[in-house]
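Asker: Next up is a structure, given as structure tokens.
The values are calculated or read from the model by the stated rules, or taken from the named source; none is laboratory data. Nothing here was measured: the structure is a model prediction, and the numbers come from that model. Just the protein is used for accessible areas: all its heavy atoms, side chains included, with ligands, DNA and RNA removed. Shrake-Rupley method; radii C 1.70, N 1.55, O 1.52, S 1.80 Å.
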Amino acid sequence: RFEDGTVSFLDIIALKHGFDVLEKLTGGMEKIKQHTFALAHYTYTVLSTLKYANGAPVVRIYSDTDFSNPDVQGPVINFNVLDENGDVIGFSQVDKMASLYNIHLRTGCFCNTGACQMHLGLSSEDIRRNLQAGHVCGDDIDVIDGRPTGSVRISFGYMSSFEDAQTFLKFIMAIRLSKLDTEVPFQSSVTKLTTKSVPDDHPSFNSADKLSPIPDISDKELGNNLSEAEVTLNWQPPEAEVESIRAAVSETAVPTFRRGGEPITVTNIFLYPIKSCSAFEVTEWPVGNQGLLYDRNWMVVNQNGVCMTQKQEPRLCLVYPSIDLKKNIMVIQAEGMDPISVSLEENTGKEAVISESKVCSHRVKTYDCGERIADWFSVFLGRPCRLIRQSSDMKNRLHQKNTKGLASAANISLSLVNKAQYLLINVASILQLKEHISARLEEPLEIEELIRRFRANIVISAPESFEEEEWAEISIRALRFQVVGPCSRCQIICIDQQSAERNNEFLQSLSATRGRKTSFGIYLMNQPLRSSFPDILSVGSQVLPVLKENTEIQPPTSSEEKCSG
């Protein structure tokens, strides 16, 4: 009825063959229903009985059934992970931790806002407030004012196995019940289950093609497994850190300066000319209208034009770009490769073909840097790829966040960064994290290694760890920056930036240290300058923060702070 053009007759013809193959592989839809429901029933049973030492549940399951009837309940479990106080741990954090275990989850509202609103207890006014707070479909704003905006979902298919269910349950226990000193309680239940599968003599069916054994769990066996699955332990998670992605100060607010004490200074400045490649460290650097000059102006794409990052290709961190402003070139080096240079002059000639690429769902206009540099990257990475540069036609890529109090936000443009123009981290916060990770790894860590893992533009030395999360804006000499929120971390911090080796412990330790979030560092946007001072960021410059709350004003005292206003 809704077809526009020729009916898809080839796909219609293929349906019968598809069902025939499915029948040969699995024994048919009834077998698939039994298999997948058994996995979901089992996982639901164990999940619903996991508890902390204080008796609080580890998860909150959203369901209209008790998973007792496959005719009314599909092989899907929707839930949120809780801490021992009953507060929801955001779905984005759970998703990032699951990726370390090679588990694919779906998170958010699953294109079903009505069911999401009903099960999460959100009113229409709550939905409007969330939208005004900047929350949109597909983002990682998972908790607003302590309430979840979505949830986590797992699904089982005909190819799913009982071991997959166990792996998922072990994952939940590992991230929330990490000090468990006994075997997973459901491990032994495998041998107690009777199994049924497709007959061996089924057409075109061999041992390699069989569905994994289908647990046939009786009510008695379920009761036994329930008692075994009541997991408790004396584990105290760290106190939750309260964060806001809308950290900003209105233009009319009275600024609250940080109280006197040790001065805060800039200790390191890094730029990343090629997105996801190694850092280029400088002692001072010009500031452009998109951030540090030439920061993330280039990126490597695969043969389909899709941006490549260290998530897909960790060896990108072994590519070392450096900028020579006097010679007006970028020099790119890597072990075993001859250095190669790229001009900083933008190619505006007729031969420059402007194309569209995507950075974190944002479309950007770029142009290709040529065959010579494409061959260089392809040889080093061992796969076809190209180097592209952001076109000046797209210098107006705007900051899209609805950030309260950010002056002229519509006029702030971005390079090929993910979220904001700058990322700032604090050495004191790094030191606190270093102690936690070293204890878990049982080996010493170098502070420089951790700093490079977090890939910040500006590194500061403040007296207190995580005090940067209480700032609304900062001034560094004549430069004024607005804090636009915390940086939610992903698995890239698990990659050693000197060797490209991966260690999942770093993201897990960050999550354990922070309690509720995997955030570390703050995003900054450069405010319009009203000063004749040169736009230069320098190591050693003093940092003057303004706090979020208007409590008590501590006026600046040094001459440098007075100059910066």
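Asker: Which of K31/K96; K434/K517; K51/K311; K365/K419; K31/K51 have a Cα-Cα distance over 23 Å? Walk me through the numbers on the way to the answer.
Answerer: Numbers: K31/K96 33 Å; K434/K517 17 Å; K51/K311 33 Å; K365/K419 17 Å; K31/K51 33 Å.
Result: K31/K96; K51/K311; K31/K51 exceed 23 Å.
Asker: In whole percent, how big is the carbon plus sulfur part of the accessible area of segment 446-542, probe 1.4 Å, protein atoms only?
Answerer: Looking at segment 446-542 in its full context, I get 44 percent from C and S.
Asker: Could you report segment 14-176's accessible area per residue, 1.4 Å probe, as an integer in Å²? Each step should come with its number before you reach the end.
Answerer: On the way: 7340 Å² over 163 residues.
Heavy-atom accessible area per residue stands at 45 Å².
Asker: In whole percent, and with a 1.4 Å probe on the protein chains, what portion of the accessible area of segment 14-176 is carbon and sulfur?
Answerer: Of the solvent-accessible surface of segment 14-176, carbon and sulfur hold 53 percent.
Asker: When N is the residue count of segment 14-176, what does its C-alpha Rg come to as a fraction of 2.2 N^0.38 Å?
Answerer: Ratio of Rg to 2.2 N^0.38 Å for segment 14-176: 1.14.
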